Amino acid sequence: MFSVFKKLSWYFKEQWLRYTIAIIALLFVNLLELLPPKIIGIAIDEIQYQTLTNERLVELLVWLIGVILLSYLLSFFWDYTLFGRSILLERRLRSNLMNHFLRMTPRFYGSYRTGDLMARSTNDLKAIMMTAGYGILTLVDSTVFMSFIIVMMFFTISAKLTLAALIPLPIMAYIINKYGKKIHTRFMQAQRSFSDLNNYTLESVKGVRVTRAFVQERQDEARFGEMTEDVFQKNAEVAKVDAFFEPTINVLVGLAYIIGIGYGATLVFNQQISFGDLVSFNVYLGMLIWPMIAVGDLINVMQRGNASIDRVEHILAQEPDVHDPPHPKVIKIPEKIEFKNVSFQYPETEGYQIKDIDLSVKRGQTIGIVGKTGSGKTTLMKQLLRQYVPPEGWVLINQIPIQDFKLDQTREWIGYVPQDHVLFSKTIRENLLFGSGWKTDEEIYQMLESVDLKEDIDQFPEGLDTLVGESGVTLSGGQKQRVSLARALLMDPEILILDDTLSAVDGKTEANIISHLKEEREAKTTIISAHRLSAVQYADEIIVLDNGRIIERGTHNDLIRQNGWYKRQYTIQQMVEV
């Protein structure tokens, strides 16, 4: 159970001074809380024996008020310090998780659903925070504070009465241990169920337009209801076990009271303790209620924290597939890109997605990649993005293997516009400047002219400051594509990769964009993948892929003369446009 503290030992070592000060302050408060019952017992005895004077009463009251005020100040200090550290731990872990997510590769995201990662970043971190704050409190109060009370009862009142009143404690320890094991198992199940619900909710919200289009609202609502009921039931199972803690403790404390009052009255009658001692003893018994409850809360918090830290550590233990080399090479400008006998297959798939690719791209060239759906166009371009382990063969930049460069360096060279256009729930301006940093309005509008988007932006009431909504919901497909393209062009990258970027625009808009690209990218490398051959018609070299292999290559005119797939496809597309 206490292994969770070992797992968090790195943080406790880092924050040892503040935790030590907080615990010392807490211990002082615990000691101070032992004094009021004793003061009350002294006052009762002096009343009984008629020795209490006005001066003595004032003295006792001053002591009582002083103890209460000092206890209040120290309580504020330890509470602020202890729980402040636990909140800091949650922030640190959340930052660690976010940094980890940003480093991970597509293989990781293929293994974990978004909803599950969100659950670990929210609920599990809250449970860990509780362990580092409330868990420390209950640990101190269930051990040290309880020990203080028992020692006070044992040495200042009656050893026999104390031992008799504590007979129920071993029973409580056994029962709480049983409860703790059940809570750990049920809490893990509840967290998994919550992860499933999180993931389903995310998919439902993102796909709400498809759900409405297929009139599946009722089915979606029913499925959501089933999942929320499952989460409710699993959390109810946790709460059911949790609910046994306090009643069980209250029953055992009640037994201690019965023993304390019954046996204590006998000791008073036999004049072995005073009446004031008996009152103080029963006050101390009442004070034992919280430490005993703290034992139950400690087990509960530790088990939840242990389950959550395991789930978070499991994510943090995952290593990205692609790493920086130990001794990275550095060059200023990628003058030449080469693919030499490159073959690649995705993890957990059968067969190669690209096979025996040989391609050379010099700086300033435009390369077109075409082929049937699933022929390997995107896979080929992703070899430059280094999202997966290096392929078979060699991908070289200036005769140096691409894996010999730092990831940041190769990615700084590249402006990538994927098929799925990801826009953030921010303004158009913020989306455009996402990769390039600050630009003047003049520079932005100049780029919007290049991608034939300026007129569209001018029609929005807020212009560049228009919010695009969740995933760019307020924009059309063509507008999203052109915003993504403008975002990449504003970076002025050495290598521009366009993955079927112009599929959602009309032929005239495409022609305007291609014309501007030719002018602005004259001295830079551009790689264009497309289904519409008009997008690559003016490329310096075009390669045709089929089942991951290059089956045709050359300029547009060369491929027309070869009378192969390219010509047939070009003829069909020309007929469709007419």
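Values quoted throughout were computed directly from the atomic coordinates according to the rules given, and no laboratory measurement underlies them. Predicted model, so just to flag it, every value in this text is computed and none were measured. When we count neighbours, we look across all protein chains shown, and the Cβ atoms used for this are built from the backbone with ideal geometry, even at glycine.
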Could you tally up the Lys pairs in the stretch 426-532 with alpha carbons closer than 18 Å? Skip any pair fewer than 8 positions apart unless they're on separate chains.
7
Quick calc: nm separation of the 7 Å Cα→Cβ label points for Lys340 and Glu55 -> 10.3 nm
In degrees, nearest ten, helix 16-33 long axis to first principal axis of the chain (Cα):
30 degrees
Helix 289-316 versus the longest principal axis of the chain: what angle, 0 to 90°, nearest 10, using Cα atoms?
20 degrees
Between 0 and 90 degrees, rounded to the nearest ten: what's the tilt of helix 275-287 against the longest Cα principal axis of the chain?
10 degrees
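Mean shadow of the stretch 7-316, computed from the convex hull of its alpha carbons, in nm²?
About 20.7 nm², averaged over all directions.
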Taking a cut-off of 27 Å between Cα atoms, list the lysines near Lys182, but don't count ones fewer than 8 places away on the same chain.
Lys6, Lys7, Lys126, Lys234, Lys240
Note down the nm distance, to one decimal, between modelled labels 7 Å out along Cα→Cβ at Gln573 and at Gln272.
10.1 nm
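Starting from the stretch 429-533, pick out the chymotrypsin sites (Phe, Trp or Tyr not before Pro) whose DSSP state is loop and whose Cβ has at most 12 other Cβ atoms within 10 Å.
Numbers: sites: Phe434, Trp438, Tyr445; in loops: Phe434, Trp438.
Filter output for the stretch 429-533: Trp438.
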Chymotrypsin sites (Phe, Trp or Tyr not before Pro) within the stretch 127-231: which are DSSP loop residues with at most 12 other Cβ atoms inside 10 Å?
Phe214
Backbone N under 14 Å from the Lys206 label point (7 Å along Cα→Cβ), restricted to the stretch 328-353
none
Fewest-first ordering of Met292, Met172, Met98 by Cβ atoms within 10 Å yields Met98, Met172, Met292
For the chain, which span is the longest to avoid every loop-located (per DSSP) member of GluC sites (Glu not before Pro) having at most 10 other Cβ atoms inside 10 Å?
1-347
Restricted to the chain, the DSSP antiparallel beta bridge percent, nearest 5, is 50 percent
Using the Cα centre of the stretch 363-443 as origin and beta-carbon charges of +1 (Lys, Arg) and -1 (Asp, Glu), tell me which of Gln383, Gln409, Ile397 is placed farthest towards the positive end of the dipole.
Gln383
Please report Thr201, Thr525, Thr373 as a ranked list, fewest other C-beta atoms within 10 angstrom at the top and most at the bottom.
Thr373, Thr201, Thr525
